[in-house]
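Q: One structure coming up, written as structure tokens, with questions to follow.
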Amino acid sequence: MSTEPPAGAAPAVHLTAITKRFPGVVANSDVNISVRAGTVHALVGENGAGKSTLMKILYGMQQPDEGTIAVNGKPVSFGSPADAIRAGIGMVHQHFMLADNLTVLENVVLGSEPRKGVGLDFAAAHARIKEISDSYGLGVDPDRLVDDLGVGERQRVEILKVLYRGARTLILDEPTAVLVPQEVDELFGNLRDLKAEGLTILFISHKLDEVLSVADDITVMRRGTTVASVSPEDVTARKLAELMVGSALPVPELRESTVTDEAVLSVEGLTLVGADGRTVLNDISFTIHAGEVLGIAGVEGNGQAELVETLMGIRSPTSGTITLSGKDITNESTRHRREAGVGYIPEDRHRQGVLLEATLWENRILGHQTRKPNVRGPLLDRRGAKADTERIVVEYDVRTPGIDVNAAALSGGNQQKLIVGREMSGAPILLIASHPTRGVDVGAQAAIWEHIRRARADHLAVLLISADLDELIGMSDTLSVILRGRLVADHDPATVTPEQLGSAMTGAGRED
Amino acid sequence: MRNRTARSILLGVAAPVGALVFAALVCALILAVTGHSVGDVVDAMSTAAQRPRTLVNSVNSATVYYLAAVAVAIGFRMKLFNIGVDGQYRLAAMLSAALAGAAFMDSVPSVLRIAMTVVAAMLVGAAWAGLAALLKVTRGVSEVISTIMLNSIATYLVSYLLNPARLAVTTAGSNNIGTRKITEGGQVAGFEVSGSSTKVFGLVLLAVVVGFLYWFVLSRTRFGFELKATGLSESAAVASGVSVKKMVVISMLLSGAVAGLVGMPQLLGSSYTYSLDFPPGLGFVGIAVALLGRNHPIGMMVASLLWGFLDNAANSLDISGVPREIVLIMQGVIVLSVVVAYELVRRYRVRAEQQAVGSALGRTKPLEEVSA
Amino acid sequence: MTVGGLAVGLKSTPTRRGKRLSPMVYLIIAVGALVVVSAVRTLSDATDLTSSGTVQAALTAAVPLAMASLAGLWAERAGVVNIGLEGMMVLGTFGAGYAGYQWGPWAGIVGGLLFGVIGGLLHAVATVTFGVDHIISGVAINLLAPGAALFLSKQFFSNAPGGGQKQSPRIEDAQKVTLPGFSSWLGTIENKHWFFVSDLAGVLRGITTEISLLTLLAVVLIAATGWVLWRTPFGLRLRSCGESPAAAESLGVNVYKYKYYAVIASGGFAGLGGAMLAVSSGQFRDGQTGGRGFIGLAAMIFGNWRPGGLATGAGLFGYTDAMALRGSNAVHALLLLLGIALIVVAVLQYRSGQIVLSGVAAAIGVLFGWWYFSSDQVPAELVGAAPYVVTLLVLGLASQRLRPPRFVGEPYRRGQAI
């Protein structure tokens, strides 16, 4: 498909038939997008749909193999971000691109510094930043050290950086992922101001409600290509989601309840004060029974990651107790917790889940290096580990030519299936699953759900953390919402709607 | 599968061989530019290779280098840089020499006496390395910096202790200062080799045992697995239940203990006293050998023999009028080019394997993976 | 602080940043330190502590150290760890010997600089282009450089008049200048041994009398480095490569290019340090650097990766060096100084709530004090270890004040930015 530029003004950005290949992979194929000047244009798609690659191409960080880019009607070719910046395109990265040890001023002017002789003209830089900050209501102090700024402020510094370079088109890569709800509102306010000044915004997200509230046009990507261009008035969140995954959504669903009254994990008054003195977890209490899935909903960055790491013993709580099957494990090591039957599917598999440069069977041992069939006493049982890896590969449908390849060679979905298979081995009594189906294709997603369901029928207690509300509602026996480190509401997954959950997650549904 | 293994071995060998060839070319170029004959050097080297004495000396040097390399490699496996093997070895050799040479030791049975000397050396090495481990786990001080500092401190400490007022004696008839000579009961006999007046260090067996233990612990035990896991991904190791602090302490102590052994072959096999002729810089040779041998027990053995041969063959270069330092240049170039070559091979491997798996399964990888 | 490697033990606590000291505060600290020193001098009767001769010797010793730590600063500010400094200094000493004996001291300085640049270039190619671990490349250069220098020395100096296999012919020393009209007058005051006044006179006389032009050059280079790195766009870009290469790249800064500039400059400064060492001691000699590259690294850490700080560190370490040459009475007094400094650290740590650290610092401080009062002298062999011990103490007891560049030691590959 292709989009024709609308009549009248040339589109701010026009991408035609972009294709990008990596060794063994096609990341983008035949991508077409037209962004009208002076609008907020949303680009939505699943993780892995090729959005990031496309944005890197548009920002000159990668070069397309085929296709053309036109900015304001003029064809351009970007060899580096510097070229894109020159063409008036700026990018606000999802992970902030800020140097903590430098001041706001230094971060902003870096790369296009005002000069006085060979020196940097600090006075001019100062004045210019102040001016931009004031005219868009960003409220940024040029002399502060970035290290001292909060998340919302950092994002405004990022936006200021882009504006300082005279960008007329701003790319925002999942800008709300790290923001708390008020900050999201402020950001959207800022975006509307920018639009009012005639700037164009390309907004990448997979949070569909946000997209529907802020975008003027929406382009949907799937499997590396653009599949639809729609306008927000014409679609619902559900319709958009179906466009993203390409079929009617598979809805995870639990059958009959298997919840018993045997408490497996009890958390009492868990509080964690971060290194910076901020309270990250605030008096959290809950109980998960055998055969129960407790789902935790929340906007990312509200303490989920810290909760999981505290439960795993990677962080120590400031106060509160954690009880596993009647035994206080608050001060136990990660190893003891694992040996006591805690399985762990981490949020970021590359960081915590696999050793990329080790073979699959070595990855089978990881996290289970004190237990059969991987070891006999202090010695590794290589044969046992290999045999059991073969079992996981078959049972969990890990697509691999063998168990001697490195984990890095597998796709993300297959790495995830390996992790799930591993964590389900050794008869765990509790599974802590953080975004278990993130970045995984639809088929693998259904398989992972099925495995969790089966284990639950076998009396497994599960703590499920996810950003996918349908997954949470469909898989959980009980649902809690986490907001700024507190569990603020409980919902019955049988009756709650994603909309209700969404408002609870943003704090809109709170009475106080 | 078989094909892949064959190719994998080929790739593994290609890097060091390539580096050797490159280094040889660089040296040939340098020799040519400085007006020496490359042929003379090759001749001198190959003549040296035929002399039993040179070979014995090479094996003896290799024994020492191998121990130093193992000490370094233990840390390398978990991305821990023990730059301090040098200081650990010298302090350990000096103190254990003082112990072994002490008068009361003369009455101790030979085996026990040797064992005590070796254990003392291991303890001293471990303790000196332990300081760096302590600073790292309690204060986050980079072990690179602390071990560099500890190397220099060890140098001054040794020269302080090696004083007639303290642990040293003056050798009669010379102004050489050293620890009291270890009498025969504390010595380790060497192996005779026909055609050579020098013997092969008896403690060459120690190096073999250490190499075997190194292989066994690293590839067959849980500890070895956790060491490797920590090196590959600290965060994944932590999530899997590894206490990285404990690992740092244990592996630093082990590394230091092996470093303590480095001085033993020479001390107990030929010089019998610690004096200032114990070569400095062995720790750095250990790093070079561990790099060239890729921390692999056999690889390091080959590398240490090569290093030992180059060092000893260098002696015959001076005779033929070529500065022997051409060998040092060659060694330096080998190290630099071998690490570059390994890095290139590693990158190539990751890409090739992804491609191979991708085409074997006939599908495309999800896209974020590639770009991330 | 990181030098790549494992993150274990690093506190995620935001470092408590010391407020930037104003020049006034600096002056007060300097005067305070001098008061303490002169008190110790009066107490222990170690006149050498502040004599102009000591100060002169300290300056001479400090200059190569300062250059080495500047070299470290340039590389590390761009994110590249350079433990190859020692090797690059060695190359510098040879370069100075080669050019110096033939065409005079200033040619020697240039020669040393150029040889250092070669070392820097090698390190840059390995670490930046090929992504080799910085430590490993540094070690390799430290192995390579002394061999190369000795090879070249045999090649070029063996048959030169006055040279030998392991040393170059004589190099003329650089010119020395004296601030006219100051020296003798200050000397009179110095010899009165008045509390504080004579000490101040001794120090002032030391820094105004018979000062080598090389020392002045070093001062200029330290100041220039501060200006270039902190007050120019070039410096900002260079530092951004060490603080957040991804951010720099995303703004169109060519990270590789700036890392190359930085590491080459680093090699140049290290070579310069070697050259100054060779020129001021009159010739190239094998093994001349004697670990000064590592002391330079230590001085840089001591100085918290800032030019003023590293100059202080180099000065301090040069001072201990000079003291070692002055005999044991003066060195003995150093013990007391160290003890006092540790007690000060203990008090500061206690006030910022670090009870355990404060206790450790106080205990070590008391230990040094006890050593001072229970002995008459310090063995000369141990004095050389002072810079290293001090650096370990700083790292161990005050590391939360240190702010190394955030990404120092991390290999960076283009396109890593997500």
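What follows draws every value from the coordinates through simple rules; no lab data is involved. Everything numeric here is computed off the predicted structure, so don't read it as measured data. Backbone-built Cβ (ideal geometry, glycine too); neighbour counts: all protein chains shown.
Q: In deg cm²/dmol and to the nearest 500, what is the mean residue ellipticity at 222 nm of chain A if only DSSP H runs of at least 4 residues count, each as -39500 (n - 2.57), divided by the residue total?
A: It comes out at -9000 deg cm²/dmol, rounded to the nearest 500.
Q: Can you compute the helix-only [θ] at 222 nm over chain B? Use -39500 (n - 2.57) per DSSP H run of at least 4 residues, normalise by all residues, nearest 500 deg cm²/dmol.
A: Rounded to the nearest 500, the figure is -24500 deg cm²/dmol.
Q: Next question, about the same structure. Once phi is turned into θ = phi - 60°, what whole-Hz ³J(HN,Hα) does the Karplus curve with 6.51, -1.76 and 1.60 give for every residue of the range A:159-166, x standing for Gly and Pro?
A: Going residue by residue, I get 5, 4, 3, 5, 5, 4, 7, x Hz, with x marking Gly and Pro.
Q: If you don't mind, another one. Per-residue ellipticity at 222 nm for chain C, helices alone: DSSP H runs ≥ 4 residues times -39500 (n - 2.57), over residue total, nearest 500 deg cm²/dmol?
A: Using -39500 (n - 2.57) per qualifying helix, the result is -23000 deg cm²/dmol.
Q: Same structure again: Where the centroid of each part is defined by its Cα atoms, how far is the range C:272-332 from the range B:132-181 in Å?
A: 20 Å
Q: Based on Cβ point charges of +1 for Lys and Arg and -1 for Asp and Glu, what charge dipole magnitude is obtained for the range B:1-158 about its Cα centre, in debye rounded to the nearest 20?
A: 620 debye
Q: Spelling out what I want: for every residue of the range A:228-239, take phi, set θ = phi - 60°, compute 6.51 cos²θ - 1.76 cosθ + 1.60 (Karplus), and round to whole Hz; glycine and proline get x.
A: Each residue of the range A:228-239 in turn: 6, 10, 9, 10, x, 5, 8, 10, 9, 4, 5, 4 Hz.
Q: Same structure, new question: Just counting partner chain Cβ atoms within 10 Å, what average do the residues of peptide A:306-319 show around their Cβ?
A: What the average comes to for A:306-319 is 1.
Q: Of A:LEU294, B:LEU282, C:LEU179, B:LEU134, how do they rank once you tally other Cβ atoms within 10 Å and put the fewest first? Please list the in-between numbers first.
A: Numbers: A:LEU294 20, B:LEU282 25, C:LEU179 13, B:LEU134 17.
By the 10 Å Cβ count, ascending, the order reads C:LEU179, B:LEU134, A:LEU294, B:LEU282.
Q: Under the classification rounded if a/c is under 1.5, otherwise prolate if a/b is larger than b/c and oblate if not, where does chain C fall, given a ≥ b ≥ c as square roots of the Cα gyration tensor eigenvalues?
A: Taking the square roots of the gyration eigenvalues as a ≥ b ≥ c, chain C is oblate.
Q: So how do A:ASP397, C:ASP199 line up by other beta-carbon neighbours within 10 Å, fewest first? Could you put the intermediate results ahead of the total?
A: Values: A:ASP397 14, C:ASP199 24.
Final ranking by Cβ density, sparse to dense: A:ASP397, C:ASP199.
Q: In addition: Going Cα to Cα from C:LYS257, which lysines come in below 30 Å? Please leave out same-chain ones fewer than 8 positions away.
A: A:LYS20, A:LYS51, A:LYS56, A:LYS116, A:LYS161, B:LYS79
Q: Something else about it: Which value, in debye to the nearest 20, gives the size of the charge dipole of chain C about its Cα centre, when Lys and Arg are +1 and Asp and Glu are -1 at the Cβ?
A: Charge dipole of chain C: 1240 debye, to the nearest 20.
Q: Please name whichever of B:SER8, B:GLN88, C:GLY131 sits farthest to the positive end of the charge dipole of the protein assembly as shown, dipole taken about the Cα centre and charges placed at Cβ: Lys and Arg +1, Asp and Glu -1.
A: Farthest towards the positive end: B:GLN88.
Q: Provide the net charge surrounding C:ILE189, with neighbours chosen by a C-beta distance below 15 Å and charges set as Lys +1, Arg +1, Asp -1, Glu -1.
A: Charge balance near C:ILE189 sits at +1.
Q: With charges set only on the Cβ (+1 for Lys and Arg, -1 for Asp and Glu), what does the dipole of the protein assembly as shown come to about its Cα centre, in debye to the nearest 20?
A: 3020 debye
Q: Just to confirm my numbers, what's the Cα centroid distance between the range C:168-192 and the range B:189-205 in Å?
A: If we compute the Cα centre of each part, the gap is 60 Å.
Q: Enumerate the whole-percent occupancy of each 10 Å bin, from 0 to the last occupied one, for all C-alpha pair distances of the protein assembly as shown.
A: Final binned percentages: 2, 8, 15, 20, 20, 16, 11, 6, 2, 0, 0.
Q: Pick out, from A:VAL211, A:GLY150, A:GLY45, the residue whose Cα sits farthest towards the positive end of the charge dipole of the range A:13-245, with +1 on the Cβ of Lys and Arg and -1 on the Cβ of Asp and Glu.
A: Ranked along the dipole, the leading option is A:GLY45.
Q: May I pose another question? How large is the Kirkwood hydrodynamic radius of the range A:349-426, in angstrom, based on all distinct alpha carbon pairs?
A: For the range A:349-426, the Kirkwood estimate is 12.1 Å.
Q: Cα gyration tensor of the range A:118-219, axes a ≥ b ≥ c as square roots of the eigenvalues: rounded (a/c below 1.5), prolate (a/b > b/c) or oblate? Mind showing how you got there, number by number?
A: Values: a/c = 2.32, a/b = 1.65, b/c = 1.41.
The shape class here is prolate.
Q: If you don't mind, there's one more thing I want to ask. What shape does the range C:120-190 take by its C-alpha gyration tensor, where a ≥ b ≥ c are the square roots of the eigenvalues and a/c under 1.5 counts as rounded, a/b above b/c as prolate, and the rest as oblate?
A: Because a/c hits 1.5 or more and a/b fails to exceed b/c, the range C:120-190 counts as oblate.
Q: For A:ALA275 and C:THR129, what is the calculated FRET efficiency with R₀ set at 45 Å and r taken between the beta-carbons, to the nearest 0.05? Spell out each step's value before the answer.
A: Details: r = 37 Å, r/R0 = 0.81.
With R0 = 45 Å, the Cβ-Cβ based efficiency is 0.80.
Q: For chain A, what does the relative contact order come out to in percent, with C-alpha contacts under 8 Å and a separation of six or more? Present the calculation step by step, with values, prior to reporting the outcome.
A: Values: 1018 pairs, mean separation 73.7, N = 512.
It comes to 14 percent, rounded to a whole number.
Q: Right, something else. Provide a whole-number value for the mean count of partner chain Cβ atoms within 10 Å of the Cβ atoms in peptide A:483-496.
A: 0
Q: Restricting to bridges with both residues inside the protein assembly as shown, how much of the DSSP beta-bridge set is antiparallel, in percent to the nearest 5?
A: Of those bridges, close to 60 percent are antiparallel.
Q: Shifting gears a bit: How high is the relative contact order of chain C, in percent, counting Cα pairs under 8 Å that sit 6 or more residues apart?
A: Numbers: 792 pairs, mean separation 126.5, N = 418.
Normalised by residue count, the contact order of chain C is 30 percent.
Q: Next question. Would you mind calculating the relative contact order of chain B from Cα pairs under 8 angstrom and at least 6 residues apart, reporting the percent as a whole number?
A: Contact order relative to length: 33 percent.
Q: Taking the Cα centre of the range C:53-326 as the origin and placing charges on Cβ (Lys, Arg +1; Asp, Glu -1), which of C:VAL220, C:GLY87, C:ALA61 is farthest toward the positive end of the dipole?
A: Farthest towards the positive pole: C:VAL220.
Q: For a quick check of your reading of the filter: which chymotrypsin sites (Phe, Trp or Tyr not before Pro) in the range C:147-254 sit in a DSSP loop and have no more than 16 other Cβ atoms within 10 Å?
A: C:PHE182, C:TRP194, C:PHE195, C:PHE196
Q: Nearest 5 percent is fine: what portion of the DSSP beta bridges confined to the range A:71-173 is antiparallel?
A: Antiparallel: roughly 50 percent of the beta bridges in the range A:71-173.
Q: Counting trypsin sites (Lys or Arg not before Pro) as exposed when in a DSSP loop with at most 14 other beta carbons within 10 Å, what is the longest stretch of chain C free of them?
A: Values: sites that count: C:LYS11, C:ARG16, C:ARG17, C:LYS19, C:ARG20, C:ARG170, C:ARG413, C:ARG414.
Longest gap between qualifying sites, sites excluded: C:171-412.
Q: Report the antiparallel proportion of the DSSP beta bridges in chain A as a percent, rounded to a multiple of 5.
A: That works out to approximately 55 percent antiparallel.
Q: Report the local net charge at C:ARG237: Lys and Arg +1, Asp and Glu -1, summed over other residues whose C-beta lies under 13 Å from its C-beta.
A: +2
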